[in-house]
Amino acid sequence: MKMMGLPWLSALVFLDAVLLLHSFRSVGFPRRVSNFVVMDALTTATSTTGTAGKMSPKALTKEIVGHFAKRTTPEEDEKFSKMLISKEMSSQIDGMNVLTLLFQCARFKKNVNTFIESKLILEKLQSWERQWNEIDVSTFMYGIQSLECISDVDGLLLKFAATKIKQSNAELSSRAIGNALYGLNKITSDTVGVPELAAAMAEKIQRSPSNLNGQDIGIGLYGMQGLSASIAEIGLLIEAVAAKIEVSEAELDGQALSNALYGLQVCAFSFTFILRSALSSPFPLEYE
Amino acid sequence: MSSDHKPVLHLVSALASKVSDSQPELCAQAIGSALFGLQKLSSDALEVRTLIAALTEKVETATVGLDAQAIGNALFGILLSNSYSFDRGIDASVRYFVCV
């Protein structure tokens, strides 16, 4: 009970703010687990009850982070979804809450539409009148993994995000570029909105003063595995990343090298292509 | 990414330098995944041959054995890449895999 005094509460509020910021900066790539362990423990300790009522945007963000920190069951997710889309709560959700939800869903490999519809996500981001900063850009891009990207609304959402990224004055760090490109790993070039997004990111990467480090080269290119240079905008993105890699002084470790080269493939090849390629190639055991 | 496109060749060229300048410790999975990624690249392009040569050097110095998954991924990537039958640089990699 001694811990419930004012200094302890102030410390928690401060820690929470730092951790929220930190959680966005250390997007969930497997090797950065230690950050999440700390964050999970503290966000669980500071999480509010989850009852729908008047809640500040920050408290709601904390509520969302707290929900995912608990490693929830589908039933708990459904309950949380009902709370989010309740009349009084959905009116309180803002752009930051939506970005947090996208990010957390991507991190825990959940479909964001389990919680809220893409239409609501789009509406909330459209009504969020602020210029996107570096964290907003990389959080949204990373969060794309939690979208199916097959509906018209998802396409509109990607196009809207492309506009916001283009309008943003933010300069992206190496980490932000890596995480942002990693977020594209489940989508292919033919997805509606991807060319616009690629063009916006190409511009951002060109303007970035940061030096790409090895890990970010690896995860960034890994994220581009489904993108084909036959689309002009994606060609621009590939050019921008290539130019960044060229001037980077970083070395690639085994993991980064593997991720980077793995990303050179096109994931959307057809069975006919595989069959034709396999049949037209001599068998490798001819080499002795 | 097909190597028919100029931006891809630019990227491959940048990666070739990076791979050449790096001293990575490659595990079996990393070798398999890296070669798997080459499946759409054609060794008709100098940039691709340079990347393959740089990668071959790293694979040759790796001391790990390959498991079935890594061999499968690697051969799949090499087969589809249209590289191994024309480019001597990749021969060493193929020989390495066959010996394992």
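Each value in this text was obtained by applying a stated rule to the coordinates, not by laboratory testing. All values derive from a computational prediction rather than experimental measurement. All Cβ positions, even for glycine, are placed from backbone atoms using ideal geometry, and neighbour counts span all protein chains on display.
Within the group A:246, A:203, A:196, which residue is closer than 16 Å to residue B:12 by Cα and surrounded by fewer than 20 Cβ atoms within 10 Å (Cβ to Cβ)?
It is A:246.
Check every one of the helices (runs of 4 or more DSSP H) wholly within region B:1-71 and list those with 3 or more residues that are among the small types (Gly, Ala, Ser), facing chain A (nearest Cβ under 8 Å) and within 16 Å of residue A:256 (Cβ to Cβ). Working first, answer last.
Values: elements: B:6-21, B:28-36, B:46-61.
The qualifying helices (runs of 4 or more DSSP H) are B:28-36.
Which one of A:120, A:157, A:172 is within 25 Å of residue A:244 (Cβ to Cβ) and either touching a helix residue (DSSP H, G or I) at 6+ places or on another chain (Cβ under 9 Å) or in a helix (DSSP H, G or I) (or both)? Let's see the steps before the verdict.
Details: A:120 fails: within 25 Å of residue A:244 (Cβ to Cβ); A:157 fails: within 25 Å of residue A:244 (Cβ to Cβ).
Answer to the selection: A:172.
Just need a number here: residues in region A:207-230 that are part of a loop (DSSP other than H, G, I, E, B), touching a residue at least 24 places away in the same chain (Cβ under 8 Å) and either facing chain B (nearest Cβ under 9 Å) or hydrophobic (A, V, I, L, M, F, W, C) (or both). Give the derivation first.
At the first step, the residues of region A:207-230 found to be part of a loop (DSSP other than H, G, I, E, B) are A:208-213, A:224-230.
Still in the running and touching a residue at least 24 places away in the same chain (Cβ under 8 Å): A:208-213, A:224-228, A:230.
Subsequent filtering for residues that are either facing chain B (nearest Cβ under 9 Å) or hydrophobic (A, V, I, L, M, F, W, C) (or both) retains A:212, A:224-225, A:227-228, A:230.
The number of residues fulfilling the criteria is 6.
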